[in-house]
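The values are calculated or read from the model by the stated rules, or taken from the named source; none is laboratory data. Note that the coordinates shown come from a computational prediction; the quantities given were computed from them, not determined experimentally. Cβ: placed from backbone, ideal geometry, glycine included. Neighbour counts: every protein chain shown. Heads up: the accessible areas ignore ligands, DNA and RNA and are worked out on the full protein's heavy atoms, side chains in. Shrake-Rupley method; radii C 1.70, N 1.55, O 1.52, S 1.80 Å.
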Amino acid sequence: MSLKSLKNQFKIYLLTKKLKKNKILFNETDFTFSSKNVLIVDEIIPEFNKDSGSRRLTEIIKLLLKNKVSVFLVADLKQYKYKSDYLQIFIDLGVNVYQPSIDNKGKLVTKEVFIQRISPKMNVAWLHRPMVFNKFQSLIKRANPSIKLVFDMVDFHYIRLLREYELGKDEALKIQAEKFLKIELENCKQADSVIAISKSDKELLKQHFNEDDKVFLISNIHQHLDKGTGFFKFEDRKNILFVGSFRHDPNNDAVKYLKEDIMPLVWQSLPEVEVNIVGSYITEDIKSLASHRFNLLGFVDDINVALSSAKLFVAPLRFGAGIKGKIGQSLEHSLPLVTTDVGAEGFDFKNQKVIMVANSAEEIAQKIIALYTNKQLWEAASDSCENILKPFSLATTETQILQIINN
């Protein structure tokens, strides 16, 4: 047995000892079942204010609860690391959240044991992200052969990695992309329903998996906020904003690209403009980019303040896949933005595309300068945000979710 395995076993031993001491017992009667029960498994307890995928899953959970569906949430965390500031938030919402406990024989109820025990009472298993589906689908199906398996892709990982490879020609990325394609296609075959996050992802998947009747579209959920009396006008705003978690490679690349290639061109015309970078899990590489005009704010509790006061949002994403939550957030707040074709994917910008979408550093800089300095252009872009967001409303998503759950 390896040293790592011995360490893990010891940590499990300490956890079990602690649970026994504190009398944290597993009791199925502590959970709420209903006529429809859905098991949701993700890599983490969704951190809805830190990343787009978590925010989307949280809204899906809320819609299920609204429709009297009992939700059982499991995170694929190591047992002795099963901690999260978000656990209690989901419990307070009415979600049945797995946490480590011991059974009446004093044995640890792991997440796998928990899933085995509750799966016979589940109607649907909603498995979020490719590796989660790959890891848990057979365990769940053995426990309940009649359960409906849903593979929520979140984004088409193969496409995201392939685009990153095409940018830098790193062969390791190409190998990883092919590995993910194999996993994602196998997941699609095993699933009863497959969820794509955008029309473009759905079309790209169709080139490899042509079973349209199995593939549904559930995008990010965005509600446009009406411009009230507190809405800051063009002349009352300043500076440029970027938002994104730095656990996500496309965001790391976008911020480096913004600092090194785009902003030097913008600063030639607008030397006073500052860039505010908001996002959790900032890496050392990103920290090194900080300067007096390039502010790394890290995670902020209330992103609405930043979105309401910025003059412009930027998202110069050069690779990625799926719908980008940061774009939706900007549109929710009627905040004009400049992004790339990758960033705009899944959104129909209509006639505003020529104003807000560009792909070279020079074009992006030009569009930033134009929107930052031209009030008429800025106001037209701001007014267009509500229409762009209409396909992402709660009502549209609720209909799609219930179709999957009830069919």
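Is one or more of the residues making up segment 290-305 among the hydroxyl-bearing types (Ser, Thr, Tyr), more than 25 Å from LYS375 (Cβ to Cβ) and either open to solvent by 50 Å² or more (accessible area, probe 1.4 Å) or modelled with pLDDT under 90 (or both)? If you could, list the steps in order and put the result at the bottom.
At the first step, the residues of segment 290-305 found to be among the hydroxyl-bearing types (Ser, Thr, Tyr) are 291.
Within this subset, residues satisfying the condition of being more than 25 Å from LYS375 (Cβ to Cβ) are 291.
Now drop any that are not either open to solvent by 50 Å² or more (accessible area, probe 1.4 Å) or modelled with pLDDT under 90 (or both), which leaves none.
So far as segment 290-305 goes, no, none of its residues is among the hydroxyl-bearing types (Ser, Thr, Tyr), more than 25 Å from LYS375 (Cβ to Cβ) and either open to solvent by 50 Å² or more (accessible area, probe 1.4 Å) or modelled with pLDDT under 90 (or both).
Of everything in segment 279-315 that's outside any loop (DSSP other than H, G, I, E, B) and among the small types (Gly, Ala, Ser), which residue is nearest to LYS259 (Cα to Cα)?
Pass one, segment 279-315, residues outside any loop (DSSP other than H, G, I, E, B): 284-287, 291, 294-298, 303-309, 312-315.
Subset that is among the small types (Gly, Ala, Ser): 291, 298, 306, 308-309, 315.
Working: SER291: 10, GLY298: 16, ALA306: 19, SER308: 23, SER309: 21, ALA315: 12 Å.
Looking at the filtered set, the residue picked out is SER291.
Among the residues of segment 118-150, count how many are outside any helix (DSSP H, G or I), in contact (Cβ under 8 Å) with a residue 24 or more places away in the chain and open to solvent by 50 Å² or more (accessible area, probe 1.4 Å).
Here is the first cut: in segment 118-150, the residues outside any helix (DSSP H, G or I) are 122-129, 144-150.
This time we only want the ones that are in contact (Cβ under 8 Å) with a residue 24 or more places away in the chain, so: 122-129, 144, 147-150.
Pick out the ones that are also open to solvent by 50 Å² or more (accessible area, probe 1.4 Å) and you get 123.
Qualifying residue count for the region: 1.
Does segment 174-199 hold any residues that are open to solvent by 60 Å² or more (accessible area, probe 1.4 Å), under 22 Å from PHE136 (Cβ atoms) and assigned to a helix (DSSP H, G or I), and which are they? If you could, list the steps in order and put the result at the bottom.
At the first step, the residues of segment 174-199 found to be open to solvent by 60 Å² or more (accessible area, probe 1.4 Å) are 174-176, 178-179, 182, 186, 189-190, 192, 199.
With the extra rule that they be under 22 Å from PHE136 (Cβ atoms), the set shrinks to 176, 179, 182, 186, 189-190, 192.
Selection gives GLN176, LYS179, LYS182, GLU186, LYS189, GLN190.
Which condition breaks for LEU241 when tested against (1) in a strand (DSSP E or B); (2) within 13 Å of the chain's Cα centre (by Cα)?
Single failed check for LEU241: (2).
Quick check on segment 200-212: of everything there that is surrounded by fewer than 16 Cβ atoms within 10 Å (Cβ to Cβ) and at pLDDT below 90, which residue is nearest to ILE404 (Cα to Cα)?
ASP212
Per-residue answers, yes or no, for (1) at pLDDT below 95; (2) farther than 24 Å from VAL215 by Cβ:
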{"position": "LYS326", "(1), (2)": "yes, yes"}
{"position": "PRO336", "(1), (2)": "no, yes"}
{"position": "THR340", "(1), (2)": "no, yes"}
{"position": "ILE364", "(1), (2)": "no, yes"}
{"position": "THR373", "(1), (2)": "no, yes"}
{"position": "GLN400", "(1), (2)": "yes, no"}
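List the residue pairs whose Cβ atoms are under 9 Å apart, where the first residue sits in segment 387-402 and is over 15 Å from LEU331 (Cα atoms), the second is small (Gly, Ala, Ser) and surrounded by 15 or more Cβ atoms within 10 Å (Cβ to Cβ), and the two are 6 or more positions apart or on different chains.
From segment 387-402, the pairs are THR396/SER219; THR397/SER219; GLN400/SER219.
Any residue at all in segment 267-279 that's open to solvent by less than 30 Å² (accessible area, probe 1.4 Å), touching a residue at least 12 places away in the same chain (Cβ under 8 Å) and closer than 20 Å to ASP155 by Cβ?
Looking for residues that are open to solvent by less than 30 Å² (accessible area, probe 1.4 Å), touching a residue at least 12 places away in the same chain (Cβ under 8 Å) and closer than 20 Å to ASP155 by Cβ, one finds at least one in segment 267-279, hence yes.
Looking at segment 83-101, which of its residues are over 21 Å from ILE61 (Cα atoms) and open to solvent by 10 Å² or more (accessible area, probe 1.4 Å)? Don't jump to the end; show me each part of the working.
Initially, segment 83-101 is screened for residues over 21 Å from ILE61 (Cα atoms), giving 100-101.
Result: PRO100, single match.
Mind listing just one residue for me: the one in segment 371-407 that is open to solvent by 50 Å² or more (accessible area, probe 1.4 Å) and outside any helix (DSSP H, G or I) and, of those, farthest from ILE60 (Cα to Cα)?
Ranking the qualifying residues of segment 371-407, first place goes to ASN374.
Sort out which residues of segment 1-35 are touching a residue at least 60 places away in the same chain (Cβ under 8 Å) and either among the aromatic types (Phe, Trp, Tyr) or crowded, with 17+ Cβ neighbours inside 10 Å (or both), and write them in order of number.
LEU15, THR16, LEU19, PHE26, PHE31, PHE33 - these are the residues of segment 1-35 that are touching a residue at least 60 places away in the same chain (Cβ under 8 Å) and either among the aromatic types (Phe, Trp, Tyr) or crowded, with 17+ Cβ neighbours inside 10 Å (or both).
Tell me, which residue of segment 239-261 that is among the basic types (Lys, Arg) and at pLDDT 95 or above is surrounded by the fewest Cβ atoms within 10 Å (Cβ to Cβ)? Steps first, please.
Our first condition is that a residue be among the basic types (Lys, Arg); within segment 239-261, this holds for 247, 256, 259.
Filter once more, so that each one left must be at pLDDT 95 or above: 256, 259.
Numbers: LYS256: 16, LYS259: 20.
That would be LYS256.
Whether any residue in segment 79-88 is assigned to a loop (DSSP other than H, G, I, E, B), at pLDDT below 90 and not charged (D, E, K, R) is what I want to check.
Yes: segment 79-88 contains one or more residues that are assigned to a loop (DSSP other than H, G, I, E, B), at pLDDT below 90 and not charged (D, E, K, R).
Residues in segment 358-370 that are open to solvent by less than 40 Å² (accessible area, probe 1.4 Å), without any contact (Cβ under 8 Å) to a residue 60 or more places away in the chain and either among the acidic types (Asp, Glu) or under 12 Å from PHE313 (Cα atoms) (or both): how many?
Count: 0.
Looking at ASP348, is it touching a helix residue (DSSP H, G or I) at 6+ places or on another chain (Cβ under 9 Å), on the phi < 0 side of the Ramachandran plot and open to solvent by 60 Å² or more (accessible area, probe 1.4 Å)? Can you show your working first?
Details: touching a helix residue (DSSP H, G or I) at 6+ places or on another chain (Cβ under 9 Å): yes; on the phi < 0 side of the Ramachandran plot: yes; open to solvent by 60 Å² or more (accessible area, probe 1.4 Å): yes.
Yes; evaluated as a whole, the condition is true for this residue.
From ALA344, ALA365, ALA370, grab the single residue that is small (Gly, Ala, Ser), under 26 Å from the mean Cα position of the chain (by Cα) and within 24 Å of ILE262 (Cβ to Cβ). If you could, list the steps in order and put the result at the bottom.
On the way: ALA365 fails: under 26 Å from the mean Cα position of the chain (by Cα); ALA370 fails: under 26 Å from the mean Cα position of the chain (by Cα).
When all the criteria are applied, what remains is ALA344.
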